[in-house]
1. Residues Ser263, Ser221, Ser232: which one is away from ligand 2 (no atom under 16 Å from the Cβ), over 12 Å from Val168 (Cα atoms) and touching a residue at least 40 places away in the same chain (Cβ under 8 Å)?
2. Output the residue which, of all residues in region 109-130 that are within 14 Å of ligand 2 (Cβ to nearest atom) and open to solvent by 20 Å² or more (accessible area, probe 1.4 Å), is nearest to Asp300 (Cα to Cα).
3. Quick check on my filter: what residues within region 212-251 are within 11 Å of ligand 1 (Cβ to nearest atom), farther than 17 Å from Phe316 by Cβ and buried (at least 23 other Cβ atoms within 10 Å of the Cβ)?
4. Within region 97-108, does at least one residue satisfy the condition of being free of Cβ contacts under 8 Å to residues at least 60 places away in the same chain, surrounded by fewer than 21 Cβ atoms within 10 Å (Cβ to Cβ) and over 29 Å from Gly219 (Cβ atoms)?
5. On the basis of being among the small types (Gly, Ala, Ser) and open to solvent by less than 70 Å² (accessible area, probe 1.4 Å), does Ala11 make the cut?
6. Kindly provide the set of residues from region 239-288 that are in a loop (DSSP other than H, G, I, E, B), over 13 Å from the mean Cα position of the chain (by Cα) and at pLDDT 95 or above, ordered by number.
7. In contact with a helix residue (DSSP H, G or I) (Cβ under 6 Å, 6 or more places away or on another chain), more than 24 Å from Gly77 (Cα to Cα) and either surrounded by 15 or more Cβ atoms within 10 Å (Cβ to Cβ) or at pLDDT below 95 (or both), is that true of Leu209?
Amino acid sequence: MMRLPPFTYLAPVSVRDAVKLSADHGPEAMLVAGGTDLYPNMKRRQFEPSVLVGLRGIRDLVGVSGSARTGVVIGAGTTLADVSGHAEIARHYTGLAEAAGVVSSPQVRNVGTLGGNVCVDTRCNYYNQSYEWRKAVNFCMKKDGEICLVAPGSSRCWAVSSSDTAPVLWSLGATVRLVGAGGERTIPMPALYRDDGIEYLAKRVDEVLTEILLPPGDGWSSIYLKLRRRGSFDFPVLGVAVAARMEGDTVRDARIVLGAVASLPREAKPAAAALIGERLTPELITRVADLAAGPSKPLDNTDYAHFYRKKMTRVFVARALRQLVGLDAEGRADEESA
Ligand SMILES: Cc1cc2nc3c(=O)[nH]c(=O)nc-3n(C[C@H](O)[C@H](O)[C@H](O)COP(=O)(O)OP(=O)(O)OC[C@H]3O[C@@H](n4cnc5c(N)ncnc54)[C@H](O)[C@@H]3O)c2cc1C
Ligand code: SF4
């Protein structure tokens, strides 16, 4: 059985105190919310903080406010179960409710938070292993080692962004509020991520993610589809988030964001641009799905072969577009979704 190493647990009851404690302890401290990713990582010695700053006692971080008319604010400490079960989110930000509802298992969703999901560590077959396993292969540069075992000639780590909600939040145009010792800032989702498997967040160690802000619903609809081996609780090895604003049967605006194909969520901009001003015909859906597969460049470091995951990008983007506007596999109005 893997055990947690010793550490000091600090339990602030305000964001201000959490920020101060994080700033005082610097890189030796880590924030913990639900702990569903962090504690297993500590057991495998992927993380070795001597201090944990717990966010569970901060009431201001929990809850959902606002409406689709004005925009919705979700506290970072809100559980995934509460996000997926929230009526306004399920109705007007459907893709987000779907993504939160397919993270892991019900037990993890009852404890894991949206903030933790947005900040969740990147993953790789050579990294998400016990300390003994990693030691046997002489470690890798993400923790304790020198080189990348997936791409030995590479100077960077290619671990995979594996959050289910991040691609959807990106596609919805969400922003996040970060509060740190130097003040507060609100940034769009793309600005939170970096294309690096180790330094994957553009967030300072003392910064606490306090809120996720969704813009007004404004006629947008959204969907999230996830590829994984075991439907009951696996991480995504491909996530496809599509958001679109329709006017009749014409697409007025669209965003397509792919998860688990790079070290950050990857926006398929040319694919979305090809939709604008067009009707969603079967031919257009095929063309857009092909375009979306362009930026999908999975490496051979998660479950399933990387060429299969790339191929499935096309399939999932086409499926998502059809489902979003209620078409069946042949491009006819789907009676079940009508
Ligand atoms: C068996 C298993 C299956 C899983 N499957 C999935 C899956 O399918 N999809 C998926 O996306 N995830 C999955 N996870 C990972 C994890 O459970 C979720 O991502 C969860 O949402 C993490 O939230 P948490 O509150 O538990 O985060 P924690 O574990 O507490 O923290 C995760 C990271 O976020 C940071 N953090 C947390 N809150 C904040 C904050 N407010 N501000 C700044 N930093 C913060 C922590 O410092 C840490 O680095 C799985 C985990 C397990 C154990
Ligand atoms: S991509 Fe390379 S450096 Fe990064 S975790 Fe995997 S093996 Fe390690």
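The values are calculated or read from the model by the stated rules, or taken from the named source; none is laboratory data. What you see is a predicted model; the values in this text were computed from it and never measured. Here the Cβ positions follow ideal geometry from the backbone for every residue, glycine too, while neighbour counts run over all protein chains shown. Calculation scope for accessible area: heavy atoms of the full protein, side chains included, ligands and nucleic acids excluded. Shrake-Rupley method; radii C 1.70, N 1.55, O 1.52, S 1.80 Å.
1. On the way: Ser263 fails: away from ligand 2 (no atom under 16 Å from the Cβ); Ser221 fails: over 12 Å from Val168 (Cα atoms).
The unique qualifying residue is Ser232.
2. Asn125
3. Correct list: Ile212 only.
4. Pass one, region 97-108, residues free of Cβ contacts under 8 Å to residues at least 60 places away in the same chain: 97, 101, 106-107.
From the residues that got through so far, the ones that are surrounded by fewer than 21 Cβ atoms within 10 Å (Cβ to Cβ) too are 101, 106-107.
Okay, now just the ones that are also over 29 Å from Gly219 (Cβ atoms), so 106-107.
Yes, some residue in region 97-108 is free of Cβ contacts under 8 Å to residues at least 60 places away in the same chain, surrounded by fewer than 21 Cβ atoms within 10 Å (Cβ to Cβ) and over 29 Å from Gly219 (Cβ atoms).
5. Values: among the small types (Gly, Ala, Ser): yes; open to solvent by less than 70 Å² (accessible area, probe 1.4 Å): no.
No, not satisfied.
6. If we filter region 239-288 for residues that are in a loop (DSSP other than H, G, I, E, B), which is where we start, we get 248-249, 260-265, 268, 274-278, 280-281.
Right, trim to over 13 Å from the mean Cα position of the chain (by Cα) and you get 248-249, 268, 274-278, 280-281.
Across region 239-288, the qualifying residues are Ala268, Ala274, Leu275, Ile276, Gly277, Glu278.
7. Details: in contact with a helix residue (DSSP H, G or I) (Cβ under 6 Å, 6 or more places away or on another chain): yes; more than 24 Å from Gly77 (Cα to Cα): no; either surrounded by 15 or more Cβ atoms within 10 Å (Cβ to Cβ) or at pLDDT below 95 (or both): yes.
The answer is no for Leu209.
Residue by residue, here is whether (1) modelled with pLDDT of 95 or more; (2) open to solvent by 60 Å² or more (accessible area, probe 1.4 Å); (3) away from ligand 1 (no atom under 15 Å from the Cβ); (4) in contact with a strand residue (DSSP E or B) (Cβ under 7 Å, 6 or more places away or on another chain) holds:
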position	(1), (2), (3), (4)
Lys135	yes, yes, yes, no
Lys143	yes, no, no, no
Ile147	yes, yes, yes, yes
Arg156	yes, no, yes, no
Ala166	yes, no, no, yes
Ser171	yes, no, yes, yes
